[in-house]
Amino acid sequence: LRASLASHGNEGYRVSHYDLELDYKIGPNRLSARAKITAVALKALSRFTLDLAGFKVGGVHVDGRAAKFSRSGDKLAVKPARPVTGKFVVEIRYSGNPRPIGGRWGDIGWDELTDGVLVASQPIGAPSWFPCNDHPADKASYRIAVTTSSAYAVLVTGSLVSRRAGASATTWVYEREEPTATYLMSVQIGRYEDLAMSESQRLAVSRRLVSAARYDFGRQPEMMALFSRLFGPYPFGEYVVVVTDDDLDDPVEAQGMAIFGRNHVDGKRTHQRLVAHELAHQWFGNSLTIAEWRHIWLNEGFATYAEWLWSEESGGPSVEDLAGLWRARLSSLPADLVIGDPGEANLFDERVYKRGALTLHALRARVGDSAFFALLRSWADSRRHGTVTTAEFIAHAESATGPSLGDLFTAWLDEPALPTFS
Ligand SMILES: [Zn+2]
């Protein structure tokens, strides 16, 4: 059975809050957990499903009463004692050896490291560690308590509200108040040093990588200043960068967090553009979350454009040069992709990233710098902590600048042929 976007997410209800108690044994990779999910039924439901991959489910309660349940693939089907209407609370006990979800995006979700755990779930890895309504548009708040060996640091995407050390295990409790998509929730467990980079920026990194990482992420506070000026205030409290002590193919964003591999740190700032890219996702992807995966260019095109903005700001190649370079490179690749709806197989195709950024550059060329940056800021502000679609962005750009921009967006987003700047 192959994981697919369409099989995740469940109809009939919206989740408002996840309360997770996770008891994790690192050596045997054993998770014993309880999830308490507060949701609102959109109609009377005599049964409903959640996404959950693997695990043995020990029991399900709905509004305090035992409920019948069954498993099928990565679904947990629940039949409450009586139909739910309006607000309801479902409590699920589950345990087992968490494993990443395999498929076309590699292994995503809860992943054992050499000495710890990494969670990076984009796009559909969240059910590898908690039962959820795994759809990007169903954003919720979270409280997550993780109990594990006291020898390890635990970082969860949220604010640390308490840490209680027992004889051998420590319980870390985090809260995430801002509405957050399931794929952006993350748990990081490792032997990390916790370093302050600025008042609101922290770096979690293994001891032997401290000095290289301090240097490589040293300009991140300047990036934060640039993006705050261009896109509006940073949407969360803290920004935490975790550098795992394993290699990762690509860094990945989580809410108020980014996860890099040790291979992205060399003490030479080789991967500077990725530092900018992940930070920019806090605005585009995390605060403004796409309502469906087909709108992915609203995440990746914007984050790529932010790389170019940082390049110019920091004395590297200008946006104009990078746009010209990437348009030329794309013109040598097959024009068989529509980035406004790239399809599941091409969700993270490089052309979505680069052509997405070029779309913004074409918009900027059409409307002028001051209108362009004003509409980016008002976009980030008006949709803060919400969900977004391509049609909404086009309507926003048109209402902010006046003339119809349909021809521009159609050419860049809806047709495979690569347009020229005009
Ligand atoms: Zn990205």
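Taking the criterion of being on the phi > 0 side of the Ramachandran plot, within 15 Å of the ligand (Cβ to nearest atom) and not in a helix (DSSP H, G or I), would at least one residue in the range 285-306 satisfy it?
yes
Kindly indicate which of TRP379, TRP308, TRP326, TRP412 is in contact with a strand residue (DSSP E or B) (Cβ under 9 Å, 6 or more places away or on another chain), among the aromatic types (Phe, Trp, Tyr) and surrounded by 17 or more Cβ atoms within 10 Å (Cβ to Cβ). Let's see the steps before the verdict.
Details: TRP308 fails: in contact with a strand residue (DSSP E or B) (Cβ under 9 Å, 6 or more places away or on another chain); TRP326 fails: in contact with a strand residue (DSSP E or B) (Cβ under 9 Å, 6 or more places away or on another chain); TRP412 fails: in contact with a strand residue (DSSP E or B) (Cβ under 9 Å, 6 or more places away or on another chain).
Exactly one of TRP379, TRP308, TRP326, TRP412 is in contact with a strand residue (DSSP E or B) (Cβ under 9 Å, 6 or more places away or on another chain), among the aromatic types (Phe, Trp, Tyr) and surrounded by 17 or more Cβ atoms within 10 Å (Cβ to Cβ), namely TRP379.
Within the range 331-340, is there a residue that is more than 20 Å from LEU408 (Cβ to Cβ) and either open to solvent by less than 20 Å² (accessible area, probe 1.4 Å) or part of a helix (DSSP H, G or I) (or both)?
For the range 331-340, residues more than 20 Å from LEU408 (Cβ to Cβ) and either open to solvent by less than 20 Å² (accessible area, probe 1.4 Å) or part of a helix (DSSP H, G or I) (or both): absent.
Looking only at residues that are of a type in the set (S, T, N, Q) and part of a loop (DSSP other than H, G, I, E, B) in the range 378-419, which one is nearest to the chain's Cα centre (by Cα)?
By that ranking, first place goes to THR389.
Which ones in the range 1-38 are touching an Asp or Glu at 6+ places or on another chain (Cβ under 6 Å), closer than 21 Å to ALA137 by Cβ and part of a strand (DSSP E or B)?
Matches in the range 1-38: ARG14, VAL15.
In the list GLY158, GLY190, GLY166, which residue meets the criterion of being under 24 Å from the mean Cα position of the chain (by Cα) and either without any contact (Cβ under 8 Å) to a residue 24 or more places away in the chain or over 11 Å from TYR142 (Cβ atoms) (or both)?
When all the criteria are applied, what remains is GLY190.
Which of the residues spanning the range 248-284 are more than 12 Å from the ligand (Cβ to nearest atom), open to solvent by 10 Å² or more (accessible area, probe 1.4 Å) and in a loop (DSSP other than H, G, I, E, B)?
Once the filter is applied, which keeps residues that are more than 12 Å from the ligand (Cβ to nearest atom), open to solvent by 10 Å² or more (accessible area, probe 1.4 Å) and in a loop (DSSP other than H, G, I, E, B), the range 248-284 yields LEU248, ASP249, VAL265, ASP266, GLY267, LYS268, ARG269, THR270, HIS271.
Answer yes or no: is there a residue in the range 108-126 that is out of contact with any Lys or Arg (no Cβ under 8 Å at 6 or more places or on another chain) and hydroxyl-bearing (Ser, Thr, Tyr).
Yes, some residue in the range 108-126 is out of contact with any Lys or Arg (no Cβ under 8 Å at 6 or more places or on another chain) and hydroxyl-bearing (Ser, Thr, Tyr).
Somewhere in the range 49-62, is a residue in contact with an Asp or Glu (Cβ under 8 Å, 6 or more places away or on another chain) and open to solvent by 60 Å² or more (accessible area, probe 1.4 Å)?
Within the range 49-62, one or more residues are in contact with an Asp or Glu (Cβ under 8 Å, 6 or more places away or on another chain) and open to solvent by 60 Å² or more (accessible area, probe 1.4 Å).
The values are calculated or read from the model by the stated rules, or taken from the named source; none is laboratory data. Note that the structure is a prediction, hence the values are computed from the model and not measured. When we count neighbours, we look across all protein chains shown, and the Cβ atoms used for this are built from the backbone with ideal geometry, even at glycine. Accessible surface areas use protein heavy atoms only, side chains included; no ligands, DNA or RNA. Shrake-Rupley method; radii C 1.70, N 1.55, O 1.52, S 1.80 Å.
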